[in-house]
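Please treat every number below as a calculation from the coordinates, not as lab data. All values derive from a computational prediction rather than experimental measurement. Heads up, the Cβs are rebuilt from the backbone with ideal geometry, glycines too, and the neighbour counts pull from every protein chain shown.
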Amino acid sequence: MSIRRRDLVRTLALALACALPAAAGAEERTPQSGPMLELRYRYEGVDDDAFVRRADASTLRLRLGYRWLFAPHWQAYADGEHVQALFGEHYNSSANGKVDYPVVVDPESDEINQAWIGYADDASAATLGRQRVQLDNQRFFGNSGWRQNEQTFDAFALRHAFGSSAPTVRYTYLDRVLRVNGHENPNPLLREWDLRGHLLNIGEKLRLGVLTGYGYWVENRDIATLSTRTLGLRWTGTHPVDAATLGWSIEYARQADWANNPTASRADYRLVEPTFTWHGITWKVGWEVLGGDGRYGFATPYATLHAFNGWADRFLTTPKDGLEDRYVSANGKLGRAAWTVAWHTFRADRGGARYGNELDASLGCALTPRLDALLKFAGYRSDGFASDERKLWASLEYRY
């Protein structure tokens, strides 16, 4: 990947900042009424062999909000966000029509990101309004917080814990999803989808780990082929062994057509992911399969997709022959910095065709208690499945 001089300057500046002494910070405060501010600058460079031009996206997101604790156990919260392109739009944002550049899905936008009223006590919580929906590891439902325009839902969410040794039940009704493409996107199907969704998630603490069962029934009124029923089980946990810690995630789900879906579709999801932590480094070996039969691939359109199947985002939509992702990763600390390195090998679930491989690496650190810096790289080699691609990110994020 050819890195331009200004990219190198950003990279060296952030790496140097990670080596500086940390500023003294205030202790974490109990939530209270007051304003919220987040400011995030990001550079994203994309070098895709399918395009003559390289994408260079510098964007700034401003998010302003206010939390009001107006009665015991009751609160209301709202925030809005503004995304601004800096130094010109030399990328395809999905909204600016610049299709001769690679895609960086951070369009300029102004929108109400969240607006909800909620109740919470020691056992129960309920939230009504526009909000984040984050279940388990966000493989099926998440907020896609990596993108400048966050994904949120118009929803009613209810949680109740029956006791320390009893299940915790979560139910969420979905009415609409506001997608990461921005509320001002000229394509209405990229802006939002009208939903009728019922999400049931039940977690039970075992002597060893947590067992979660879930059922997700979602009717998509705008794209009927995305109306699905997903039923599954997930077992996660950690266990100390001398000076080390073993961990695991094991999951199986079955997906089928639902409600207004005009197609007969069936697909399985499988995950086996053991981890081993020793001397501050966590090693992970993973095998994730999103099934496919040549007509339909297991779909996760409401997930935090960037967190799965490589940071190059080559598999935001599952191929019809499915996807098998075998990966190994390591992460740990280097002073105040946190680092991650991962390697993925991709194949088709049906037929075993090679889909390429990918190397991912990141380095992030807290410069102050309110200011974070991040460097990140993804390099994807397609083996003929798509086009080779390299991505580089550098960002600064301030929170108040």
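General remarks:
- One residue from ALA243, ALA256, ALA264 being among the small types (Gly, Ala, Ser), closer than 30 Å to ASP321 by Cα and exposed (fewer than 14 other Cβ atoms within 10 Å of the Cβ): ALA264
- Qualifying residue in segment 23-42 (condition: within 20 Å of PHE153 (Cα to Cα), exposed (fewer than 15 other Cβ atoms within 10 Å of the Cβ) and in contact with a Pro (Cβ under 6 Å, 6 or more places away or on another chain)): no
- Scan of segment 321-355 for residues that are over 22 Å from the mean Cα position of the chain (by Cα) and at positive phi, ordered by number: GLY335, GLY351, GLY352
- The residues listed here are ASP136, ASP175; of these, the one that is closer than 21 Å to TRP217 by Cβ, without any contact (Cβ under 8 Å) to a residue 40 or more places away in the chain and of a type in the set (Asp, Glu) is ASP175.
- Index of the failed condition, PHE162 passing every other in (1) surrounded by fewer than 17 Cβ atoms within 10 Å (Cβ to Cβ); (2) closer than 25 Å to SER33 by Cα; (3) among the aromatic types (Phe, Trp, Tyr): (2)
- Given (1) in a loop (DSSP other than H, G, I, E, B); (2) buried (at least 20 other Cβ atoms within 10 Å of the Cβ), number of the condition ALA155 does not satisfy: (1)
- Matching option when the condition is in a loop (DSSP other than H, G, I, E, B) and among the β-branched types (Val, Ile, Thr), among VAL105, VAL46, VAL83: VAL105
- Some residue of segment 371-382 being surrounded by 21 or more Cβ atoms within 10 Å (Cβ to Cβ), within 21 Å of ARG40 (Cβ to Cβ), touching a Phe, Trp or Tyr at 6+ places or on another chain (Cβ under 8 Å) and small (Gly, Ala, Ser): yes
- Residue in segment 135-152 that is part of a strand (DSSP E or B) and crowded, with 16+ Cβ neighbours inside 10 Å present: yes
- Tallying residues that are closer than 30 Å to THR263 by Cβ and among the aromatic types (Phe, Trp, Tyr) within segment 317-352 yields 1.
- Here ARG326 fits the description: touching a strand residue (DSSP E or B) at 6+ places or on another chain (Cβ under 8 Å) and closer than 22 Å to VAL289 by Cβ.
- Selection from segment 314-340 of residues that are surrounded by 15 or more Cβ atoms within 10 Å (Cβ to Cβ) and either among the β-branched types (Val, Ile, Thr) or free of Cβ contacts under 8 Å to residues at least 24 places away in the same chain (or both): THR318, THR340
- Residue match in segment 178-192 (condition: free of Cβ contacts under 8 Å to residues at least 40 places away in the same chain, of a type in the set (S, T, N, Q), closer than 27 Å to THR317 by Cβ and surrounded by 16 or more Cβ atoms within 10 Å (Cβ to Cβ)): no
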